[in-house]
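Working notes for the structure below.
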Amino acid sequence: MRYICHWLFITSSLLYSLTTLTACAQEGVSVGKPSIFRNLIPAERLENQASLQYAEMLQEASAKHTLAAGKNAQLHRLRRIAAKIIPHAHKFNPRTSVWQWQVNLLRDNQLNAFCMPGGKIAVYSGLIEKLQLTDDEIAIVLGHEIAHALREHARERMAKNELTQIGVSLLGQNIGDGRYSGLFRAGGSLLTLKFSRSDETDADIVGLELSSRAGYDPHAGMTLWRKMTAGNKGAPPFWLSTHPSGENREREIERHLPEVMPLYQRTIR
């Protein structure tokens with residue numbers, strides 16, 4: 001009898017451990033695999049292209065004196081928040097281990113922000129100042145933009161655009177001999193690329209988890225979009241021109257709160 005009890009104790013302990021591990025593995029939001037279309041463009045090549053375009057943008061901003069200097073308080077704030085989010089990016093994209101992350105602030109009244117492939121982030125001062133964003137709301141913005149890069153939406157968009165422009169057969173020939181010049185004919189397209197609504201929703205959901213794991217209240221997603229709607233008189237800002245309406249976004253965030261609140265609550269215990 002003693003051995004039976006001992007065996008039952010061990011079995012129940014193992015089952016508990018397995019259940020706990022499974023629950024931990026399933027924590028957070030549930031999203032599908034990134035589109036297979038992205039595989040038509042080498043990730044490293046796109047990241048290198050993004051790095052060049054980002055450097056050119058910074059050089060131009062510096063020449064116009066619109067690039068925030070290293071001592072800028074808002075820049076320090078952005079980098080502090082981003083530093084808490086970035087360590088959680090690996091879950092959604094293992095390539096982040098080789099990314100050279102950069103976070104910069106552009107002094108401009110636009111309500112704009114983006115994260116290019118490879119972790120090149122820029123936020124416009126108008127977004128922070130006009131909407132008087134809290135740290136939690138900034139984390140939602142950064143999480144959303146970082147999620148675009150992690151989920152490789154730009155890579156997918158460019159591949160689909162290229163398929164439309166040159167046709168499947170011609171693209172197949174280019175893949176065969178390594179010629180990808182046509183993929184980057186657009187030049188500055190990475191800075192102005194528009195994502196689909198499904199991309200935007202995907203980034204909202206993944207970004208919500210990233211900011212929650214970093215210790216920022218996911219409820220801020222709802223207040224952020226209310227501010228966005230009010231700040232743009234009901235129309236989405238330029239950087240969210242393809243997004244669902246603010247009301248739809250609030251409902252989507254509210255629907256995913258049960259998935260991310262435990263992650264946030266764990267950070268504030």
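Just so it is clear, none of the values below were taken in a lab; they were calculated from the coordinates. All values derive from a computational prediction rather than experimental measurement. Every residue, glycine as well, gets a Cβ built from its backbone with ideal geometry; the counts of neighbours run over all protein chains shown.
Annotations
- Amide N proximity, segment 35-65 versus residue 164 label position 7 Å along Cα-to-Cβ, cut-off under 18 Å: 35-41
- Relative exposure of 65, 153, 256, 144, judged by other C-beta atoms within 10 Å (fewest first): 65, 256, 153, 144
- Fewest-first ordering of 95, 269, 38, 151 by other beta carbons within 10 Å of each residue's beta carbon gives 269, 95, 38, 151.
- Exceeding the 27 Å Cα-Cα cut-off - candidates 84/160; 91/120; 64/130; 91/130; 71/120: 84/160; 91/130
- Derived scalar couplings ³J(HN,Hα) [segment 256-269; Karplus, 6.51 cos²θ - 1.76 cosθ + 1.60; whole Hz; x for Gly, Pro]: 9, 4, x, 7, 10, 4, x, 5, 5, 4, 5, 6, 10, 6
- Phi to ³J(HN,Hα) by Karplus 6.51 cos²θ - 1.76 cosθ + 1.60 over segment 209-220, Hz, x for Gly, Pro: 5, 4, 5, 5, 4, 7, x, 10, 5, x, 4, 5
- Counting neighbouring beta carbons within 10 Å and listing from fewest to most, the residues 164, 66 come out as 164, 66.
- Extended-chain gain in nm, criterion 0.36 nm per residue less alpha-carbon gap, residue 33 and residue 58: 5.7 nm
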